[in-house]
C-alpha cells in the first residue's frame, strides 16, 4: 500500500496555502471604481471562500490520511505476517515455532483523530459513511490482532496444542477481510479528494513566487505519484517502457530544479526542517525507477532475482518503498 501525501502535519502549512492565495490575489486587484472594482471584490470573496473551505478540508483530510498511512499500514503488515505462517483456509500450522510480530500501536491516535474532525466542516456525505465503516472495522480487528499476538508471544500454543490459536483464526480472517474492504474504500475516496485538493494547492503555489520551494516539493510529489502508478507492475511485460521513460524525464527535470534552487537559496532551504532528507530521497526514488526502466529496456526480469523484493535493484517493490519514504519525508517538511 502506498502512502498518501499530506498537506500539513499542523494547520501551519494550510495557512501558507491561504497566504499565497491572498498575496497573489492582492497583486492582481484593480484600482478603479464601479463595475471593475465590484468584479474584483467578488473575485476576492470567491477566492477567500475557496481557501477557507480548502483549509477546513485539509484539517479533516489529514486525519483520514494519518489513519491510512499509520494504522492501516500496521494492520495490513500484520495480515501479511500472520498469513506467512497460518494458511488462510486451513489455519495456523502446528509445526515448528511460530515467529510472528503483530504489533499494533497507532489505533487510538487514529480513532481520536477521526472523532475530532467528525463534527467539523465541510460536510462530506460521500465519504463520511465510509469513514464510519472504517472506524468500526479498526475497533473490531485491533483487539483480535493484539490477542493473537499475545497468545503466540507468550508461547501459549505450547500449552494447548494450538487449540486457542485455531479458534481465533476464523474471526481474525473475517476481520482482516472486512478491514481490507473498508480500508480500500476509504483509500480510494480519500485519494480522489486529495488529488483534487493537491491540484488546487499546486496551482496556487505556482502563482506565488515566494513559495517556489514549496511548489517544487509539491510538484515532485505529484510527478512521483504518477510514476508509481505506471512503475508498480506484477510482471515486467506489463510495464510500458515508453510511458515510463517519458515520465521519468519529467520527474528528473524537477529533481534538477530542486537541486538548482536549493543551491542558490541556501538560507531559505535551511529554514525548512529536514529538507536534505527529502532532497536525498528524491534522488533515491529517481534511481530506483531508473533501475526498473533499465530492466525493461534490457529484458532482465526481476522475478528471476533472489532476495527480498525491496532489496532488489529495479524491482517494483523497491520503487514503491522508495516512493513511500519520499512521501514520509515530504509529510515531515514544515514551510515557514
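Cα centroids of region 117-189 and region 56-103: how far apart, whole angstrom?
Centre-to-centre distance over Cα atoms comes out at 9 Å.
Express in nm, to one decimal, how much length is gained between residue 52 and residue 250 on full extension, taking 0.36 nm for each residue of separation and deducting their alpha carbon distance.
Working: separation 198, 0.36 × 198 = 71.28 nm, distance 3.22 nm.
In short, 68.1 nm is gained.
Kindly identify region 211-336 as rounded, prolate or oblate by the Cα gyration tensor criterion: order the square roots of the eigenvalues as a ≥ b ≥ c, call it rounded if a/c is under 1.5, otherwise compare a/b with b/c, prolate if a/b is larger, else oblate.
prolate
Note the full-extension length gain between residue 336 and residue 192 as 0.36 nm times their separation in residues minus their Cα-Cα distance, in nm to one decimal.
Full extension of this stretch gives 49.1 nm more.
When a/c reaches 1.5 or more, the comparison of a/b and b/c decides; with that in mind, is region 146-255 rounded, prolate or oblate per its Cα gyration tensor?
prolate
By its C-alpha gyration tensor, with a ≥ b ≥ c as the square roots of the eigenvalues, how is region 269-326 shaped: rounded for a/c under 1.5, else prolate for a/b larger than b/c, else oblate?
prolate
In nm, what is the difference between 0.36 nm times the number of residues separating residue 178 and residue 328 and their Cα-Cα distance?
Contour length minus the Cα-Cα distance gives 51.3 nm.
What percent do you get for the relative contact order of region 211-336 when only Cα pairs under 8 Å and 6+ apart count?
Relative contact order, region 211-336: 33 percent.
Label-point separation (nm) for residue 241 and residue 202, each offset 7 Å from Cα along Cα-to-Cβ?
2.8
Sticking with the crude label model, points 7 Å out along Cα→Cβ, report the distance from residue 120 to residue 317 in nm, one decimal please.
For the pair residue 120/residue 317, the computed spacing is 3.7 nm.
Throughout, read-outs are computed from the coordinates displayed, never taken from laboratory work. Only a predicted model underlies this, so the values are computations on that prediction, with no experimental measurement involved. All Cβ positions, even for glycine, are placed from backbone atoms using ideal geometry, and neighbour counts span all protein chains on display.
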